[in-house]
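Nothing in this text is a laboratory measurement; each read-out follows from the coordinates by a stated rule. Keep in mind that this is a model prediction, so the values were computed, not measured. Heads up, the Cβs are rebuilt from the backbone with ideal geometry, glycines too, and the neighbour counts pull from every protein chain shown.
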Amino acid sequence: MLAQIRRVGPLFTFCLLLFPLLTGCLHHGTKIFDPRQVAFQAEYNPLFDGQLYPSLILGTNNNTFNFQLPSFNIELTSPADNAVLRVVIDSSALNYVTIIQEILPRRGEVYRFQPSVKWKYDVLRALRQPGNVDFTFTCYINDEEVDIKNLHLSYRTVNECPLSLVYNGQTSDFRWLFAAYVNEDHPQIEQILTDIVEQGTVRRLTGYQSGGTQAVRDQVFAVWYYALDRGITYSSITCTSNPSPRANVQHIRFFDEVLATRQANCVDACVFFASILRKIGLKPVIFVEPCHAYLGYYTDRNRKQIALLETTITSWVNFPDLERSLDQDGRLPDAQWQKVKKYLSDKEVEEYEGGRMTFPQLKLAVARSLFDKAAEYDRDTYTANREHFADTASITYQQLDIELLRKQVQPIN
């Protein structure tokens, strides 16, 4: 019997040695931190009602201002002193893997973070259809996985610009984002400036360097004539499929879309003109009223005098259509002539009907007449609402100075 005990002795000793290792492995596999104690939460900013706006992300990507931006909010309770928090946001169609790491100094204290997501900016710029996206947040404490949260959002097209959003009875204004659609860096503008000079309405485009109000107006007229000569006309496509009842949004065409389609609503045309004016060194302003927007520009570099321009008037006459209707002698048919003669002075009508005015001269005369009308079209409403424009708390009346907003809002390009 003693011999049998001695024979099993080494095996018994081995088991005694193995047991602490096994129990240690089992203990290592259990969670140290209770997810209920950590109470990890991840949510999308509730102001945006589950809608992700690429225009807002792209337009405010390089800013330091304090507008409420689309962001994720993270909240949790630290389960230990000096706990190391790591939150991993998985990659999706719109973002790369993003890792946030922080030290949580005090046990039992609630901590909140707004992570900066690593967006796929090229993808955001290319979004022309709305869709859905899922974001997964994984919370680690001291390298231990504690909890996972999933968020399902709808993303909008890059053309969709939020105007105002309502949350908890408070309205947040976002019309300043119009400045993101003004793109003075667009590569097509260089060729446009060449075309403008070649059309002969001005000798050069130098902003305020040429001096004097008239020199500035002449340059703006040259841009105006270019738009008329390209046949840019009014076309409203403001509506979107945004399902949020708390969002007031608008579809805005980009610079190259206006150029390609030759169509623009009031906001589209304002950002189109403002893009070119910014490029040549002028200071454009977009005036926003209920259901309308029109352009302004300072006639001096010190911002003492401002001129107005109703950009939708470019649609009153379509120069390409007129040119296509010319007869073999280069004259307008009577029906087309009747459409444009009302914009001419009696002397100009007499000159054209007497054969002393060519079609290019006719276009120039009509363009100048329309330019003068566009300069006065909004004068009364601007004067009546000037105090509202000066009120920075006003939402319905906005004076968007593109140069000043550039410190906060970048072009979507």
Exposure proxy check on 186, 388: fewest-to-most Cβ neighbours within 10 Å is 388, 186
Over the chain, how many pairs of lysines fall under 28 Å by alpha carbon, counting only those 8 or more apart in sequence or from different chains? 26
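Rounded to the nearest 0.05, what FRET efficiency do residue 392 and residue 326 have when you use their Cβ-Cβ distance and R0 = 51 Å? Before the final figure, lay out each step's value.
Working: r = 51 Å, r/R0 = 1.01.
E between residue 392 and residue 326, to the nearest 0.05, is 0.50.
Roughly what % antiparallel, to the nearest 5, for the DSSP beta bridges in segment 163-405? Don't skip to the end; give the middle numbers.
Numbers: 20 of 22 bridges.
Roughly 90 percent of the DSSP beta bridges within segment 163-405 come out antiparallel.
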In degrees, nearest ten, helix 188-198 long axis to first principal axis of the chain (Cα): 10 degrees
Here the percent of antiparallel bridges among DSSP beta bridges lying wholly in segment 35-155, to the nearest 5, is 95 percent
Just want to confirm a number: the relative contact order over the chain, from Cα pairs under 8 angstrom separated by 6+ residues, in percent. 16 percent
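Filter the trypsin sites (Lys or Arg not before Pro) in segment 337-401 to those in DSSP coil with at most 13 other Cβ atoms within 10 Å of their Cβ, and list the result. Before the final figure, lay out the partial values.
On the way: sites: 339, 341, 342, 347, 356, 363, 368, 373, 379, 386; in loops: 356.
When the trypsin sites (Lys or Arg not before Pro) of segment 337-401 are filtered for loop state and at most 13 Cβ neighbours within 10 Å, 356 remain.
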Starting with the fewest neighbours, write out 311, 383, 138, 233 ranked by other beta-carbon atoms found within 10 Å of each beta-carbon. 383, 138, 233, 311
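Name the shape class, rounded, prolate or oblate, that the alpha-carbon gyration tensor gives for the chain, where a ≥ b ≥ c are the square roots of its eigenvalues, rounded holds for a/c under 1.5, and otherwise prolate holds if a/b is larger than b/c and oblate otherwise.
Numbers: a/c = 3.75, a/b = 3.08, b/c = 1.22.
Prolate shape, in that a/c is at least 1.5 and a/b is the bigger ratio.
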Once every DSSP H run of n ≥ 4 in the chain is given -39500 (n - 2.57) and the sum is divided by its residues, what mean residue ellipticity at 222 nm do you get, rounded to the nearest 500 deg cm²/dmol? -10500 deg cm²/dmol
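Trypsin sites (Lys or Arg not before Pro), restricted to segment 49-133: which are DSSP loop and have at most 13 other Cβ atoms within 10 Å? Please list the in-between numbers first.
Values: sites: 86, 106, 107, 112, 118, 120, 125, 128; in loops: 106, 107, 118, 120, 128.
Filter output for segment 49-133: 106, 107, 118, 128.
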How high is the relative contact order of segment 35-155, in percent, counting Cα pairs under 8 Å that sit 6 or more residues apart? 30 percent
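Could you line up 300, 134, 122, 378 from fewest to most neighbouring Cβ atoms inside 10 Å?
On the way: 300 14, 134 11, 122 7, 378 20.
So the residues, fewest neighbours to most, are 122, 134, 300, 378.
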Rounded to the nearest 10, the angle in degrees between the Cα long axis of helix 213-229 and the longest principal axis of the Cα atoms of the chain comes to 80 degrees
